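Every number in this text was worked out from the coordinates using simple rules, so none of it is lab data. In this text the structure is predicted, and so the values were computed from the model without any measurement. Positions of Cβ are generated from backbone atoms using ideal geometry, with glycine treated the same way; all protein chains shown enter the neighbour counts.
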Amino acid sequence: MKIYQFSCIERKGVDMRQANAITRHKPDIIFFEAPNNSQTPDSIYNKFPPSRKPLNRLKKQKKDLLQVAKKFPWVKSDIYVYDNIATLWKNGHDIKLYKVDGPSELLKIDLEKSGYQNHKPYRRGTHFEWWVKMYLREKIMVKNIQKVLYQYRNKNNLIILMFLQKFHWHNVKFQMSKPTKKRIWNYYFGSFNNLNEKNINLRIKKGNKILYKYWRKYSDFN
């Protein structure tokens, strides 16, 4: 199989890299950095051949995206993505769509407003809580991606588009390489002083109950 990764810049304008990649590569599978909730429109699309895809759902999804784009303009990029997917469907080319990120409950955790106030000022990429959230999201991404790839293990010449942000894809590839527990710890948490496998559980538990819920379920360090 061939895997191509494309990011989407979160900015005021539209980023066409992902939309253009669909037209250029004509993929068999697309992995999205979006919540993997129990019922998603994408899972419904996958049940039908190209000629019978429920495009009315896609139309509603695009309408919802326009509303979200009023606050987050870069979301307009996704509209072009789904337009190009629909065009390939109409031309008879099937594309399976999979949302592989963690549940919305995990993604929506606002660490700035959580129990970590003693770590102010909170800054993305600097506090261990941010890395805990990224670690858990990427654990779930790996789990979901591997599950899909296993389903297609006997398919030849698959073309896959990975619409994860570049840093997520970098970390996902690391986890998929089956590193040791020690390497995982050093990769995500090794730069934090006075943090170890024993006290991290307590710090997360005291800080945010939802983050701790997913830590207990997915962490290598319970």
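Things worth noting here:
- DSSP-loop chymotrypsin sites (Phe, Trp or Tyr not before Pro) across the stretch 152-222, with at most 14 other Cβ within 10 angstrom: Tyr152, Phe192
- Quotient of the Cα radius of gyration of the stretch 57-98 and 2.2 N^0.38 Å, N being its number of residues: 1.23.
- In plain terms, the C-alpha convex hull of the stretch 25-77 casts an average shadow of 4.6 nm² when viewed from every direction.
- Two-decimal Rg to Rh for the stretch 1-41 - Kirkwood Rh, Cα set: 1.00
- Kirkwood Rh (inverse of mean 1/r, distinct Cα pairs), the stretch 143-218, angstrom: 15.2
- Table column - 3J(HN,Hα) (Hz), the stretch 155-160, Karplus curve with 6.51, -1.76, 1.60, x for Gly and Pro: 8, 9, 6, 5, 10, 10
- The coefficient of translational diffusion for the stretch 1-92, derived via Stokes-Einstein from the alpha carbon Kirkwood radius under 10 °C and 1.306 mPa s, stands at 113 µm²/s.
- The chain: translational diffusion in µm²/s, Stokes-Einstein, Kirkwood Rh over Cα pairs, 37 °C, 0.692 mPa s: 173
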